[in-house]
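**Student:** To start, I am sharing the structure in question, which I have written as structure tokens.
The values are calculated or read from the model by the stated rules, or taken from the named source; none is laboratory data. Just so it is clear, the structure is predicted and the values come from calculations on it, not from any experiment. All Cβ positions, glycine included, derive from the backbone under ideal geometry; neighbour counts span all protein chains shown.
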Amino acid sequence: MRRLEDRGYEVLEASAPDELTAQELVSLDCTIMSAALVEAVRGRFERNGGTREAAVKVPILVLPAGSAKAPHTAEPAPSSEVRGYIPWPADGELLLGSVESAIASFRRERQLQRLVEDTFSRTGRDFFAAAVRFLGEELGADASIVAELAENHPGRARTLAYWRDGRLEENFEYDLAGTPCENVVGKGFCLYPDAVTRLFPEDPRLRHEGAAAYMGEPMFGSRGQPLGLINAVFRRPLHHGAGEYATLFRLLATRAAAELERERAVEFLAENEQKFAALFRNSPIPTVLVRLRDRVLLDANRAWLELFGLEYGDVVGRNTADLPIRVDEDARHRLAEKLAAGQSARNVELRVSTDRGERWVLSSFDVVTVGPEPLVISTVHDITDLRAAQRELRESEERFRRLIEYAPEAVVLLDVERGKFVFANRAAEELFKLSAQELLRRGPVELSPEVQPDGRRSEEKAAELIARAVAGEAPVFEWVHRDGEGKDVFCEVRLLRLDLGGRVIIRGSLLDISERKVAEARMHRLNRAYEVLRLTTDAILQEPDAARLLDAVCRTAVEVGRFALAWVGLADSGGKLSVVAHAGADPETLRILRDLVEGPAPDCSFTFHALDRGEHSVCLDIARDERAAGWRAAALERGYASMASFPIRVSGRVAGTLNLYSTEAQFSDADELRLWDELAADLGLALEIHERERRRLEAEEELRRNEERFRRLIEHAPDMIHVIDNRGTLLFQSPSGEQALGYAAEERLGRNVFELIHPEDLERAASALREAVERPGKVVTVEYRLRHKDGSWRILESVGRSLPELAPGGFIVINSRDVTDNRRLEEQFLQAQKMEAVGRLAGGVAHDFNNLLTVILGNAELWESNSQLPAEAREAFREIRESAERAASLTRQLLAFSRRQVMQLRELDLNEVVTGMARMLRRIIGEDIDLGLELGADRLPIRADPAMLEQVLLNLAVNARDAMPQGGALRIETALADLSEPQAELDEPPQGRYALLRVTDTGTGIPPEYLPRIFEPFFTTKEAGKGTGLGLATVYGVVRQHGGTVRVRSRVGQGTTFEIFLPLRKESVTAAGAEEVRPRPKGGSETVLLVEDDPDVRSTVRTILERSGYRVLAASNAAEAQSLWKERGAEIDLVITDLVMPGGMSGLQLAQSLRSDRPGLKVLYVSGYSADFAGRKIELGPGERFLQKPFTLDSLLEAVRGALDG
């Protein structure tokens, strides 16, 4: 029911037909019932609809006899109501498919029946009204029309019938332009399944109707001229089955066109009887005039002649019996008798044979008197296509039945008497991995193991289940079959009795549920593990004794976790393991266990592996694992199949193991192992807590013994010491209290301490007081804010204990310490840790991108320089190269922020760096911002990477420009900073001499709530697309990488100042811009050893070098490089190596190793960044150079040539 209701069906439930009202019964679209109820429902149909033939043929889907919802009865005889059988329990998709197919089939049949019996039986205006009503009631149209084109205005249409919301409405005239009707008239069938109002926004009728979907079919006259159209409008989308409506629309439009022409002809005839003959002959409706007395054909129109392929002169004046039109004699005779009695015959279906073939027609015969004797006027409609549609419907139903018969699940038929299969479908062949011929030589027992999982023999259990099916039941059960390869297959089996040809046949439907069984077993194990974990948590919380706790855990593992054996071993200070708790072991098993663990020659490698390595150790198969050889026999004798040991950590060290033994293969599931690891961790934590509690109790005892001695020292203790009563009244304050808080003792004695506590901390402090009062002797710790005499708030960490025996109203001793500065430092430290963590992530991403960009840049430049490529292709590769260079700029910022970029340090003067950047900065910040430089008079020698410092200045200038959208002033200052006093803040620079770089703007300033986050990567307050959030993060990373510090001050509306402190050097400074002028890159013929672990980078670099004439020996790691060196070291002129490579040896170590063999060897280091060297200052010695990834083709060739020639 839920599946059907979820699809939008309204479901009525009844156990008998009488429970449904007559109205409900005949209004059903489909019924699902047992075989026993079918006849009862048929009878109810007869009582509510007359004879069975006249009753509404509501489709019935039959549940097989013996299903869970019906007792065993004979299956009903097939009929038009019974549309199929649903095996029960039914698969959800099969059930929905059966119901939807049955309803669709029923509705199509009902629509065609009504179309023929009701709509097509009418003529003229009645037909038009019936047609639009049919579209509304049968197709569910919310509005429908039949319209003709205006005679003198083809761009307008006039409705002949208009149906809306269940009734006929007044006809109207409308313009076709801008409507979907414009695409229908004179063209063809149109369907707009959804959003038609958006497609035709100018159509007022669509807006009035609230239309979502539209269908229309044009009407053509007998000469092919457009007459009008018939359409339907829906307020709901049409996504399924809408295409089936096209045939119905075509039939209605054809008949409507004929009726329209006939009506026009009748009207015209009424106006001018002299034109009757012409109208008669040109009518699109095949019509013939016959004299009743002798059945001589007097006249026939062109449509009638064309329908039967006859000539006018060959038929007029002849007896109809002599015409080459053959009709069933019985039908002809009955028709003649009815006409002879003066009765008309309407809508007579006849099968007519002519020389052109066989056609089905719907004929009407009317007896009229014209002149002295009666005549018969006969009209004919060709319904061959309609009959074909009905036949297609029946074939569709047959295909549906075949789909059920050949369902994807395995189906076999068993001859009960022979005990052999007589049929097996393809799914059964796939399930058993046997051909159908091989299956037909076997029975179910032969395809099963000897014993089923419940312990019963397969032969005995199969006989019982088959007997139940023979008796009329429909058993559904799980069964283990064995396929042709000897593999056991878990199946869900449904049996159903069939009586075929006097034989009792059992149909078996088999569904492979092996994966489900494996998943269920895994779920059961995980559920048991979760339950053991939960019970262990409860025991930890409730059991104060460690030994009893460990016993309880082992017992829970055996009783709830269903392990055969569980034990806990703890190691002493010398590492010797002892069994301290166990469950599931009899005395002999325990003796063997202690001998293996505690004996002179311990032999339990899995347990000691967990103890020594601190990781779980698993034996998946005791019978085969060689490490279990020493105790295998004893384990197998007790039924143990697998085992695992899990380390128990106490205070950071492995103190013991939890060991579990199972009678089945277990411990291969990662989630299960994670839970047992968690259990062992909880045990370690519990043991640690017990140890701490033991030590705490000992400390309290010691405290009580020395209380009198400590009391004498209170007044001289550096920490604040207060004594209060149970209500918080101050009884005593040590001198240190006045020093820390500013209050003299006489100012506060007798007053309540809660008067000074911050309102937000009152509840926490009061709770701590209550706990101390309620639990005398217990040490209670609380942290809170207390107001200093100067009005500031100080953070105090207090430890109190109640000693009620010392005073009747309470005597609580409180030791307090001012931790305000500590908390501030902790917050700064956490912020630094967070920045470091995010930095590692950003650096890792940038490193990987640099490798990718190296490949992209190298290959793009290679192809860009290929003159044989078309210009368009080279331009495309140029765009690729430029995009990769932009991406490389972004990764350099990430590396700078993360401090993973390898710095190329030089001796610099900070003033020269600022001066060199001034022109670029003026161009970047714009003319509306005044840039001022105030450089210190002294030289400021530093050792730094100039490119990184330029990036810092650029990022700060861009941020300042964005903060001054209306213009302003940007001032850059340098100075010598001598910090002789220690700094209180964590991020403040330590004592020493620094080069100070100060950047100040007059912008909008930074709100205080944003200041703590401005150096976080990707944090930005700019609009989307106007900032990456990496600018200040990069500044922070570069400065810290140079050993410096950033300090920021800002006031909203006034501006921001960044101060950067860089360590000052005493050495001389070379010019920042004095760089070696490199010649244009050229190739060479030297031999290069290329060591790169990334295969794509290695391939790209090798291609570039070889195309430039170099001979390249490539290695993916240091080991391969050393092997090539041993073989061909004498040929190698240059080594190009990445800084970080797999295998344990870095590029620096490799170079040192090779240079120890040849001291003068030239080396070129390359790196995106190095996890080993990032953030360190790499000092390049003679013959060594560094190239940052990603690099261009020219920069690579320049670096190689420079290294070889240097």
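**Student:** Which members of the range 573-629 meet the condition of being among the hydroxyl-bearing types (Ser, Thr, Tyr) and within 45 Å of the chain's Cα centre (by Cα)?
**Tutor:** The answer is Ser605, Thr607, Ser617.
**Student:** Scan (1) basic (Lys, Arg); (2) modelled with pLDDT of 90 or more; (3) within 30 Å of Trp676 (Cα to Cα) for the single condition Arg456 breaks and write down its number.
**Tutor:** Evaluating Arg456 over (1) basic (Lys, Arg); (2) modelled with pLDDT of 90 or more; (3) within 30 Å of Trp676 (Cα to Cα) leaves (3) as the failure.
**Student:** So, Ala1151, is that one in contact with a Ser or Thr (Cβ under 7 Å, 6 or more places away or on another chain), over 20 Å from Val855 (Cα atoms) and modelled with pLDDT of 90 or more or not? Give the steps one after another, and end with the answer.
**Tutor:** On the way: in contact with a Ser or Thr (Cβ under 7 Å, 6 or more places away or on another chain): yes; over 20 Å from Val855 (Cα atoms): yes; modelled with pLDDT of 90 or more: yes.
Taking the combined requirement at face value, the residue satisfies it.
**Student:** Looking for whichever is crowded, with 20+ Cβ neighbours inside 10 Å and of a type in the set (Gly, Ala, Ser) here; the options are Ala628, Ala571, Ala601. Which one fits?
**Tutor:** Of the residues listed, the single one that is crowded, with 20+ Cβ neighbours inside 10 Å and of a type in the set (Gly, Ala, Ser) is Ala628.
**Student:** Only residues that are farther than 15 Å from Val296 by Cα and surrounded by 11 or more Cβ atoms within 10 Å (Cβ to Cβ): list them for the range 309-331, please.
**Tutor:** So the first thing to find is which residues in the range 309-331 are farther than 15 Å from Val296 by Cα, and the list is 309-311, 326-331.
Within the range 309-331, Gly309, Leu310, Arg326, Val327, Asp328, Ala331 qualify.
**Student:** State which residue is modelled with the highest pLDDT when the search covers only the range 263-287 and only residues that are closer than 18 Å to Val316 by Cβ and part of a helix (DSSP H, G or I).
**Tutor:** So the residue we want is Asn282.
**Student:** Six or more apart or on different chains, Cβ atoms under 6 Å: show the pairs whose first residue is in the range 540-557 and touching a residue at least 60 places away in the same chain (Cβ under 8 Å) and whose second is among the polar types (S, T, N, Q).
**Tutor:** Matching pairs, first to second residue: Val553/Thr536.
**Student:** Among the candidates Val288, Val315, Val327, single out the residue that is under 23 Å from Ala258 (Cβ atoms), of a type in the set (A, V, I, L, M, F, W, C) and touching a Ser or Thr at 6+ places or on another chain (Cβ under 6 Å).
**Tutor:** Working: Val315 fails: touching a Ser or Thr at 6+ places or on another chain (Cβ under 6 Å); Val327 fails: touching a Ser or Thr at 6+ places or on another chain (Cβ under 6 Å).
Unique residue meeting the criteria: Val288.
**Student:** Continuing with this model, one more query. List every residue pair whose Cβ atoms lie under 6 Å apart, where the two residues are 6 or more positions apart in sequence or sit on different chains, the first residue falls within the range 451-467 and is touching a residue at least 24 places away in the same chain (Cβ under 8 Å), and the second residue, located anywhere, is part of a helix (DSSP H, G or I).
**Tutor:** Final answer for the pair search is Gln452/Ser458; Gln452/Lys461.
**Student:** To continue, here is another question. For the list (1) assigned to a helix (DSSP H, G or I); (2) at pLDDT 90 or above; (3) β-branched (Val, Ile, Thr), I need the number of the one condition that Val838 fails.
**Tutor:** Status for Val838: all satisfied but (2).
**Student:** When the range 492-530 is examined, which residues are found to be surrounded by fewer than 17 Cβ atoms within 10 Å (Cβ to Cβ) and either more than 29 Å from the chain's Cα centre (by Cα) or under 13 Å from Ala474 (Cα atoms) (or both)?
**Tutor:** Passing the criteria: Leu498, Asp499, Leu500, Gly501, Gly502, Arg503, Val504.
For every residue, the table says whether it meets (1) surrounded by 16 or more Cβ atoms within 10 Å (Cβ to Cβ); (2) of a type in the set (S, T, N, Q); (3) at pLDDT 80 or above.
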position	(1), (2), (3)
Asp945	yes, no, yes
Leu949	yes, no, yes
Ala957	yes, no, yes
Pro965	no, no, yes
Glu1016	yes, no, no
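**Student:** Shifting gears a bit: Residues in the range 583-600 that are over 12 Å from Thr657 (Cβ atoms) and in a helix (DSSP H, G or I): how many?
**Tutor:** Number of matching residues: 11.
**Student:** Still on this model: Do you know which residues across the range 769-801 are under 13 Å from His722 (Cβ atoms) and small (Gly, Ala, Ser)?
**Tutor:** The answer is Ala772, Ser798, Gly800.
Okay, residues lined up against (1) surrounded by 13 or more Cβ atoms within 10 Å (Cβ to Cβ); (2) modelled with pLDDT of 90 or more; (3) farther than 19 Å from Ser578 by Cα:
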position: Arg613; (1), (2), (3): no, yes, no
position: Arg632; (1), (2), (3): yes, yes, yes
position: Met643; (1), (2), (3): yes, yes, no
position: Asp669; (1), (2), (3): yes, no, yes
position: Asp682; (1), (2), (3): yes, no, yes
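**Student:** Which one is modelled with the lowest pLDDT among residues in the range 523-563 that are in contact with a Phe, Trp or Tyr (Cβ under 8 Å, 6 or more places away or on another chain) and assigned to a helix (DSSP H, G or I)?
**Tutor:** Ala529
**Student:** Scan (1) at pLDDT below 90; (2) in a strand (DSSP E or B); (3) hydrophobic (A, V, I, L, M, F, W, C) for the single condition Val580 breaks and write down its number.
**Tutor:** Failed condition: (1).
Yes/no matrix, rows are residues, columns are (1) of a type in the set (Phe, Trp, Tyr); (2) surrounded by fewer than 19 Cβ atoms within 10 Å (Cβ to Cβ); (3) in a helix (DSSP H, G or I); (4) not assigned by TED's automatic domain parsing to the domain that holds Arg943:
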position	(1), (2), (3), (4)
Leu1113	no, no, no, yes
Val1135	no, no, no, yes
Leu1148	no, yes, yes, yes
Ser1156	no, yes, yes, yes
Leu1180	no, yes, no, yes
Phe1186	yes, yes, no, yes
Val1200	no, no, yes, yes
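**Student:** Out of Gly210, Gly186, Gly140, Gly216, which single residue is within 23 Å of Glu261 (Cα to Cα), out of contact with any Gly (no Cβ under 9 Å at 6 or more places or on another chain) and surrounded by fewer than 21 Cβ atoms within 10 Å (Cβ to Cβ)?
**Tutor:** Answer to the selection: Gly186.
**Student:** Here's something else I'd like to know. How many of the residues making up the range 602-653 are part of a loop (DSSP other than H, G, I, E, B) and hydrophobic (A, V, I, L, M, F, W, C)?
**Tutor:** 7
Residue-wise test of (1) surrounded by 23 or more Cβ atoms within 10 Å (Cβ to Cβ); (2) over 47 Å from the mean Cα position of the chain (by Cα).
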{"residue": "Ile145", "(1), (2)": "yes, no"}
{"residue": "Ala150", "(1), (2)": "no, yes"}
{"residue": "Asp175", "(1), (2)": "no, yes"}
{"residue": "Cys181", "(1), (2)": "yes, no"}
{"residue": "Arg205", "(1), (2)": "no, no"}
{"residue": "Asn231", "(1), (2)": "yes, no"}
{"residue": "Ala246", "(1), (2)": "no, no"}
{"residue": "Ala253", "(1), (2)": "yes, yes"}
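**Student:** Scan the range 246-254 and give yes if some residue there is modelled with pLDDT of 85 or more, in a strand (DSSP E or B) and of a type in the set (Ser, Thr, Tyr), otherwise no.
**Tutor:** No, the range 246-254 contains no residue that is modelled with pLDDT of 85 or more, in a strand (DSSP E or B) and of a type in the set (Ser, Thr, Tyr).
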